[in-house]
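These notes concern the structure reproduced below.
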Amino acid sequence: MKRKVLLMGQSGCGKTSMRSLIFSSYRAADTRRLGSTLDVEHSHVRFLGNLVLNLWDCGGQQSYMDSYLDKQRSQVFSTVGVLIYVFDLVGAEGGEEGIEEWERDLRYYKDCISALYQYSPDAQVFCLLHKMDLVDKSRRAAVYSSRVKELRRKSREVAQAAANARAAADGFRVHCFATSIWDESLYRAWSRIVQTQIPALGVLERHLQQLADTCSASEVVVFERTTFLVIAKTASSSAAPLSSSFNKDSIQPSSGGRYIYDEDEEGLEGFRDTQGRVASTPLGSGFITSSTHPAAHSETVAFGTRAAGLDPERFEKVSELIKNFKLSCQKLPAKSSQCEFQAVELKAPNFSAYIDSLTSNTYIMLLVRDPSIQMASIKLNVQLARDHFE
Ligand code: GTP
C-alpha cells in the first residue's frame, strides 16, 4: 500500500505554494495567484522514476480541518508515511492576533498528531515554521527556537497521553525547519523530507563516495531532475571538502564514546556526544553540520562550523539557483529553448564545479578543489559512471 504524505496547516499558511514551487515549477511570485484548496487535493508525484509520493494537500479552512479530525479521521490519518504540518509565522513578532493564531495552530497540531498516533504510529512528523521571511532577521533565531521548544513539548504531551511507547521513549522527535518560499530554506526542508522516503539511500551514497574518490572531488551531490531537491551528498575520503575535513574517529567526544547527529531542544542540528554536548573541532566548537546525510552510515564526515563560515544550506542554494535557471531557459523563444539546460561548468579562484545529468532522473554536481584535476577528466568520469548509476 502506498504511504501518504499529508500536508496540513491552517488556511493561507502556504501549503499549496510550497507544493507548487517544488513540484510544479512555480516561481515564488506566482503563488500569490493561488486560491484556497477545497477539501483535499490529491497528487501522485513521480520522483526518481519509481518512487511515487502520494501527496495529500489538505485545505486548511476550519470546516475542513474539523472534518479531517472527525468524520474523515480514519480515511485521512491511516497509512501515512509523513505528516508535514505548516505553521504560518505571520504575526509571530508579537501582538495578540499573532498569539491567538499560534495557539489555534497548536491545538490543531496536537489534534492531528493524536490522530496520527492512532492510525499511523510509525509516521514521521515534520513541522515547517513557514514565512520566516516575514520575521525580522534579528529575531528569527529567537522566534524559531522558542516555537520549536513549544512544539516539542506539545508533541511529548500527546505521546504520553497516547501512551505510545516508542514515541514517549524517543521523547517523540519531530523534525523542525524554518522555511520561506523566498529562499533556499524550502529546498532544505523538502530535501530532508523526501530523503526519508528513498529506500537504500546508504547504498547510493557509498557508490557516490567511490565516484568522489575516483574524481578527487571534494564533494559530490545528486539532485532529483525535476524538483532539483538534494537526494544524496558525500565527500571524498581523501580530498578535503570546501571547508575542512575531519574523520569522525579523529574527534573524541569529551565524555568518550561516539558522536551522534542530532537536533537539540531548540532545533539546532549538529554532532553531539551522548550527553548532548556539541562536538569540538580544530575550528572551534559550536554548531556543526554534516555534509553527508545523517542517516547514511558513511565513514567520512565532512563538516564545518558556523564560525568557519561554511553555509550549511550551500547545496540547497544551488537547487534554488539551478531550478530558476532551468525555468528561465524554458521561457526563451521557441528556437533557443531547443537548447535546454544540459550542464554547467563553473570556475572560481579556489574551486571548480561541474553539474551534468547523471541518470534519466538525476543531476550530479562535483566540486573539485585541487587545481591539478582537469575538468575533462571529471566529465569523462561522469560519462562513464552513468550506466552504473542508472
Ligand atoms: P489553503 O489552500 O486555504 O489551505 O491555503 P494554503 O496553505 O494552501 O496557502 P497558499 O499556498 O494558497 O498561500 C497563501 C498565501 O501565502 C499566498 O499569497 C502565498 O504567496 C503566500 N505565501 C506562501 N508561502 C510564503 C512565504 O514563505 N512567505 C510569504 N511572505 N508569503 C508566502
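Listing for the model above:
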| quantity | calculated |
| --- | --- |
| Residue count, the range 150-182 (criterion: among the acidic types (Asp, Glu) and at pLDDT 85 or above) | 1 |
| Counted residues, the range 106-123 - those being under 21 Å from Gly14 (Cβ atoms), touching a residue at least 24 places away in the same chain (Cβ under 8 Å) and surrounded by fewer than 18 Cβ atoms within 10 Å (Cβ to Cβ) | 3 |
| The listed residue being within 21 Å of Arg192 (Cβ to Cβ), touching a Ser or Thr at 6+ places or on another chain (Cβ under 8 Å) and in contact (Cβ under 8 Å) with a residue 24 or more places away in the chain, out of Phe77, Phe87, Phe47 | Phe47 |
| Selection count where residues are within 13 Å of the ligand (Cβ to nearest atom) and not in a helix (DSSP H, G or I), scope the range 121-135 | 5 |
| Where a residue in the range 180-200 is within 16 Å of Ile84 (Cβ to Cβ) and polar (S, T, N, Q) and its partner, wherever it lies, is part of a loop (DSSP other than H, G, I, E, B) and within 16 Å of the ligand (Cβ to nearest atom), with Cβ under 8 Å and at least six apart | Ser180/Lys131; Ser185/Glu313 |
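The values are calculated or read from the model by the stated rules, or taken from the named source; none is laboratory data. Only a predicted model underlies this, so the values are computations on that prediction, with no experimental measurement involved. Positions of Cβ are generated from backbone atoms using ideal geometry, with glycine treated the same way; all protein chains shown enter the neighbour counts.
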